[in-house]
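Student: So that we are looking at the same thing, I have put the structure below in structure tokens.
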Amino acid sequence: MKIDLQIHTKTGSDGNWPVEEVFKEAKRRNIDLLAITDHDSVDAQAKAITLARDYRISYITGIELNVSFEYSPDKGKSTKSYSLDFLGYQYDIENQELKNKLQTMRQHREARARKILENLNAEFDKVGLERFTEKDLENIQATVDGAFGRPHIANYMVKKGIVKDKQEAFDKYLVKCDVPKYPLSLAEASKLIRNTGGVLVFAHPNDPSGTSLVTITRDLARQTEIIEDYMLDYIDGIECWHTKHDAKTTAHFIEFCRSHNLIMTGGSDCHQNPVLMGTLNIPDWVAEQFKSKIYK
């Protein structure tokens, strides 16, 4: 069977396709089990459950939460905050506590976007570029179907001709002008998902170009030591299969999960640019871990 447990949509966050198009393509690719895991959003979940039944695709609820992970490299003398992602699965999409927290995070995200634009204007002033106005903010917001984030600002900068592509927008402006995300702790993320009956999975732990433990260390053994020391009380599993994980990484985390009785998941992390969903060879037994709460 084909499994993909990390797919993003335009409906809920920063995918390029609405949830309807994702399911249409998933059916074309003969995907048997999938999860929509939009960033800090459950907006696409109700529709996804309906579409899964229409297309006869097995489905589990999903979400990707960005966490401010507190780590002490010198064993308690000082701590530093790192941005890491965690996947919630099989939670109750109607849980009010979760909905309230996501609304708070959404409001923070919109305030963050305004501050980023203020920082951009300061940079534009240095080089004589026209400043962003309230109208520009409205234009950017009009392009957002899901969660408002820096990729939407980057796209608008390309459209305005300020940069040639999204990568240049980040390299030249958006990294420098960034503002901290909502400070969700790992303990709080775990409580939010577990209190709804769901499970929390550490996402793409060794993604060399993403939000991962690579920002702390590239050594796989050290990565799993950090998970042992800081995460085991709060997580239920690890995403072992990912498009940015090589065979060595996958094997390492499978062994670690087996030794700690953790759930093992896998996903393409597809944002439809390019369309990667269903391209990973994820074993059938992964689905068995979720069989009690699969929508069919």
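Computed from the coordinates by the stated procedures, all read-outs in this text should not be read as laboratory data. Bear in mind that the values here come from a model prediction, so they are computed numbers and not experimental data. When we count neighbours, we look across all protein chains shown, and the Cβ atoms used for this are built from the backbone with ideal geometry, even at glycine.
Student: Based on Cβ point charges of +1 for Lys and Arg and -1 for Asp and Glu, what charge dipole magnitude is obtained for region 114-237 about its Cα centre, in debye rounded to the nearest 20?
Tutor: Value, rounded to 20: 420 debye.
Student: Once you treat every alpha carbon in the chain as an equal point and sum by Debye, what is log10 I(q)/I(0) at q = 0.08, 0.12 Å⁻¹?
Tutor: Taken in order of the listed q values, log10 I(q)/I(0) reads -0.35, -0.80.
Student: As a quick test, which of the pairs Lys47/Lys191; Lys176/Lys244; Lys27/Lys47; Lys24/Lys47 have an alpha carbon distance above 21 angstrom in this structure? Can you show the working numbers first?
Tutor: Details: Lys47/Lys191 25 Å; Lys176/Lys244 25 Å; Lys27/Lys47 16 Å; Lys24/Lys47 13 Å.
Listed pairs above 21 Å: Lys47/Lys191; Lys176/Lys244.
Student: List the residues whose amide H sits under 5 Å from the amide H of Lys2, counting only those 5 or more places along or on another chain, with H placed 1.01 Å from N in the peptide plane.
Tutor: Under 5 Å from the amide H of Lys2: Asp32, Leu33.
Student: Under 16 Å from the Cα of Lys80, which aspartates and glutamates turn up, not counting those fewer than eight places away in the same chain?
Tutor: Once the sequence-local aspartates and glutamates are set aside, what remains near Lys80 is Glu70, Asp229.
Student: When the expected Rg is taken as 2.2 N^0.38 Å, what fraction or multiple of it is the alpha-carbon Rg of region 139-241?
Tutor: 1.36
Student: Quick one: order His108, His245 by neighbouring beta-carbon count within 10 Å, fewest to most. Kindly include the intermediate steps, with their values, before the conclusion.
Tutor: On the way: His108 17, His245 22.
By the 10 Å Cβ count, ascending: His108, His245.
Student: Further question: Can you compute the charge dipole magnitude of region 101-174 about its Cα centre, using +1 on each Lys and Arg Cβ and -1 on each Asp and Glu Cβ, nothing else charged? Give it in debye, rounded to the nearest 20.
Tutor: 240
Student: Lys/Arg Cβ at +1, Asp/Glu Cβ at -1, dipole of region 101-174 taken about the Cα centre: which of Asn121, Met157, Gln107 is farthest positive-ward?
Tutor: Gln107
Student: Moving to a separate point now. Where is the GNM fluctuation largest for the chain (alpha-carbon springs, 10 angstrom cutoff): Lys166, Lys77, Lys99?
Tutor: Most flexible of the set in this elastic network: Lys77.
Student: Oh, and also: Need one number: % antiparallel among DSSP beta bridges in the chain, to the nearest 5.
Tutor: If I count the DSSP bridges inside the chain, around 50 percent turn out antiparallel.
Student: Still on this structure, please answer the following. With springs connecting C-alpha atoms under 10 Å apart, model the chain as a Gaussian network and identify which of Pro180, Pro208, Pro73 has the largest mean-square fluctuation.
Tutor: Pro73
Student: So what's the back-of-envelope 222 nm ellipticity for the chain, counting only DSSP H runs of four-plus at -39500 (n - 2.57) apiece and dividing by all residues, rounded to 500?
Tutor: It lands at -12000 deg cm²/dmol.
Student: Moving on to the next point. Quick one: order Thr249, Thr50 by neighbouring beta-carbon count within 10 Å, fewest to most.
Tutor: Details: Thr249 20, Thr50 14.
Fewest-to-most Cβ neighbours within 10 Å comes out as Thr50, Thr249.
Student: Could you list Asp233, Asp92 in order of exposure, starting from the residue whose Cβ has the fewest other Cβ atoms within 10 Å? Mind dumping the intermediate values first?
Tutor: Working: Asp233 8, Asp92 16.
Least to most surrounded, the residues fall as Asp233, Asp92.
Student: Using all alpha carbons of region 101-174, what is the percent of pairwise distances in each 10 Å bin, ordered from the shortest bin to the longest?
Tutor: Answer for region 101-174: a P(r) of 19, 56, 22, 4, 0 percent.
Student: Looking at region 101-174, how many pairs of lysines come closer than 27 Å at the Cα, when each pair is eight or more places apart or spans two chains?
Tutor: Within region 101-174, the lysine pair count is 22.
Student: While we're here: Name the shape class, rounded, prolate or oblate, that the alpha-carbon gyration tensor gives for region 175-293, where a ≥ b ≥ c are the square roots of its eigenvalues, rounded holds for a/c under 1.5, and otherwise prolate holds if a/b is larger than b/c and oblate otherwise.
Tutor: Numbers: a/c = 1.23, a/b = 1.08, b/c = 1.14.
Rounded shape, in that the Cα axes give a/c under 1.5.
Student: What is the magnitude of the charge dipole of the chain about its Cα centre, with +1 placed on the Cβ of each Lys and Arg, -1 on the Cβ of each Asp and Glu, and no other charges, expressed in debye to the nearest 20?
Tutor: With only Lys, Arg, Asp and Glu charged at Cβ, the dipole is about 360 debye.
Student: For every other residue with a beta carbon closer than 11 angstrom to the beta carbon of Ile93, add +1 if it is Lys or Arg and -1 if Asp or Glu, then tell me the sum.
Tutor: Taking every Cβ under 11 Å from that of Ile93, the sum is -1.
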